[in-house]
Amino acid sequence: MARNSVPPLRNSGKADSSSFRVTPLVRVFERLSDWRSARGKVYSLVALLVTVMTGLLCGQKGPTAIAQWVAGLPSAARAAMGLPSGRRPSAMTICRLLWHLKFEELESALRRWVKEVNRELARCGDKRRIALDGKALRGAAKRGASSAYLLEAVGHQLKTVWGQVPVDSNTNEIAVVSQLLKLVVVEGHLITGDALLTQREIAREILQHKGDYLLVVKENQPQLLEDIRICFDSEPLPGEERGMARTVSKGHGRLEVREIVTSAALKDFLADWLGLEQVMQVTRTVTQIKTGQTTSEKIYAITSLPPERGSPALLLEAIREHWTIESLHWIRDVTLGEDACAVYKGRAPQMLAAFRNAVIALVRLKGYTCIAEALRHYAAQPRRAIRAVMQGL
């Protein structure tokens, strides 16, 4: 049962959204500027934004689906969203909203609101870890969108997007990391990233923002990778202490063993990597229970956490949590229909991505661990969805 069950981020007890105090989304929408002239305006900006947000919360995938959905609602429900009597916005009206609304203003407002949500959820036991990861807007990319890729900051446990920035097709994620770090609260957090982001300047920036880093090392940093491999392929140096931890999990017909070995022996040798305290080797072994077939892989990484703050168990957990962020991408791609959405003009794909991030945050705030079940719940009871957006209840 997903509703009011115990989410992973909570230490004990049931999820109780009644104890949370977060600004209703309608108040966030009221602060946005309207680019339209008063003449000929049929719908208020707030009513249109509430319609989009509520439609997505009820499982609609894009403008056409939202327009068809709202047309089928009782007149009282449309009135509750602020729509005029006897009128309902068309798909083209919703598209124009997404084309012309100021993206930076909307994204900034929703980011501040998600920050409120994260602050409330963190009261239940956040481990203060953020993953930096790229996200393709495949539906928009297939239709020729000029910018269909985002770099996002995602909370490991809360699995909500703390901030996102577009990545131009002529560059890559590295070029916009600095911009993203300025949007999120880095201080006191461990920032995890895949091998593409393992760059000296990125490590330096994370430290300048008073955070710590944990970055995977692969062939794009050949010398660093070779140094770490030699470290773990050799016997420990005199006085060198190596930390170890191991986890075993079983499910989906397979047995998975993860083992980590950490060392601080390269701290001084790799001084050109600012703040580097430990290197690590993670071995992941997967055995198919039915056939007995076994596969194994090794992953290497660096971190600015010293042994007293970054135990082997903590580092092993953080690396695993970083990769589980892919589940959030699956939710957006499949459950929220991002891959199937045909919107591609201008900043509209990114606009909808910001709305979907807000939907996930709202659902988490309501105590759901299963996004699909939450959407089914609200689709069956749209008045509750409207109330969640209008009143925060």
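The values are calculated or read from the model by the stated rules, or taken from the named source; none is laboratory data. Computed from a prediction, not measured in an experiment: that's the story for all the values here. Every residue, glycine as well, gets a Cβ built from its backbone with ideal geometry; the counts of neighbours run over all protein chains shown.
Here are a few things to note about the model shown:
- Selected residue [part of a helix (DSSP H, G or I), in contact (Cβ under 8 Å) with a residue 24 or more places away in the chain, buried (at least 18 other Cβ atoms within 10 Å of the Cβ) and in contact with a strand residue (DSSP E or B) (Cβ under 6 Å, 6 or more places away or on another chain)] from ALA318, ALA385: ALA318
- Any hit, segment 222-238, residues being in a loop (DSSP other than H, G, I, E, B) and either among the charged types (D, E, K, R) or under 23 Å from GLN199 (Cα atoms) (or both): yes
- With respect to the conditions (1) surrounded by 15 or more Cβ atoms within 10 Å (Cβ to Cβ); (2) at pLDDT 90 or above, GLU116 falls short on a single one, namely (2).
- Filter result (surrounded by 15 or more Cβ atoms within 10 Å (Cβ to Cβ) and free of Cβ contacts under 8 Å to residues at least 40 places away in the same chain) within segment 92-107: ARG96
- Filter result (part of a strand (DSSP E or B) and among the acidic types (Asp, Glu)) within segment 150-201: GLU152
- Residue in segment 67-86 that is of a type in the set (Ser, Thr, Tyr), surrounded by 13 or more Cβ atoms within 10 Å (Cβ to Cβ) and farther than 20 Å from ILE371 by Cα present: no
- A residue that is among the β-branched types (Val, Ile, Thr), more than 28 Å from GLN179 (Cα to Cα), part of a helix (DSSP H, G or I) and touching a residue at least 24 places away in the same chain (Cβ under 8 Å) cannot be found anywhere in segment 68-76.
- Residue in segment 228-247 that is within 17 Å of the chain's Cα centre (by Cα), hydrophobic (A, V, I, L, M, F, W, C) and under 23 Å from GLN278 (Cβ atoms) present: no
- Within segment 298-315, considering residues that are in contact (Cβ under 8 Å) with a residue 12 or more places away in the chain and farther than 14 Å from TYR213 by Cβ, the one surrounded by the most Cβ atoms within 10 Å (Cβ to Cβ): TYR300
- Checked against the criterion of being surrounded by fewer than 23 Cβ atoms within 10 Å (Cβ to Cβ), more than 11 Å from ARG129 (Cα to Cα) and either modelled with pLDDT of 85 or more or among the acidic types (Asp, Glu) (or both), segment 182-189 has at least one qualifying residue.
- Among the residues here, GLU116 does not qualify as more than 21 Å from LYS159 (Cα to Cα) and part of a helix (DSSP H, G or I).
- Exclusive hit being closer than 19 Å to SER304 by Cα, exposed (fewer than 15 other Cβ atoms within 10 Å of the Cβ) and either among the charged types (D, E, K, R) or in contact with an Asp or Glu (Cβ under 8 Å, 6 or more places away or on another chain) (or both), set GLU241, GLU235: GLU241
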